[in-house]
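See below for the structure under consideration.
What follows draws every value from the coordinates through simple rules; no lab data is involved. If you're wondering where the values come from, they're calculated on a predicted model, not measured in any experiment. All Cβ positions, glycine included, derive from the backbone under ideal geometry; neighbour counts span all protein chains shown.
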Amino acid sequence: MLHPFLAHMIGDFLIQNDWMASHKKERSFVTLVHVFAYLIPFLLTGLNWWQIALIGLTHFLQDRSTFVDWFVSTWKRIPNEERGVIPLIVDQVFHLIMIQIAIWLGMIL
């Protein structure tokens, strides 16, 4: 069994290519391709189909939206020129939070 956090890292960093990373914010089709490719490692985690679907849905919504940029600028109040890798870290933390929620839901439902 593959741990869901490792599945996330494989899907979001090893499987995602530059085309996906460069265009997923602007084009839903590209985001959809990315999410389907991203979910492949999750098939080895032992999660239920609905947990994988929930992870895929939340991943799509987060990657297609400007939520992370909003969070970094509004909540953390970091100016654009000082952000560096902070948006990447915030993005990954929110993805991992959603994966953990899917795991917890699988334990109580």
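Between Leu32 and Ile103, the FRET efficiency estimated from the beta carbon spacing at R0 = 30 angstrom works out to 0.80. When Asp91, Asp18, Asp63 are sorted by how many other C-beta atoms sit within 10 angstrom of their C-beta, beginning with the fewest, the order is Asp18, Asp91, Asp63. Sequentially through region 52-67, phi angles give Karplus couplings (6.51, -1.76, 1.60; θ = phi - 60°) of 5, 5, 4, 4, x, 5, 5, 5, 4, 4, 5, 6, 7, 9, 9, 4 Hz, Gly and Pro residues having no value and appearing as x.
The label point for Met1 and the one for Asn17, both projected 7 Å from the Cα toward the Cβ, are 3.3 nm apart.
Taking a ≥ b ≥ c as the square roots of the Cα gyration tensor eigenvalues, with a/c under 1.5 meaning rounded and otherwise prolate when a/b beats b/c, else oblate, which class fits region 1-48? Here region 1-48 falls in the prolate category. Calculated mean residue ellipticity at 222 nm for the chain: -18500 deg cm²/dmol, from DSSP H runs with n ≥ 4 weighted as -39500 (n - 2.57), summed, divided by the residue count and rounded to 500.
Computed from Cα atoms alone, the Kirkwood hydrodynamic radius reported for the chain is 14.4 Å.
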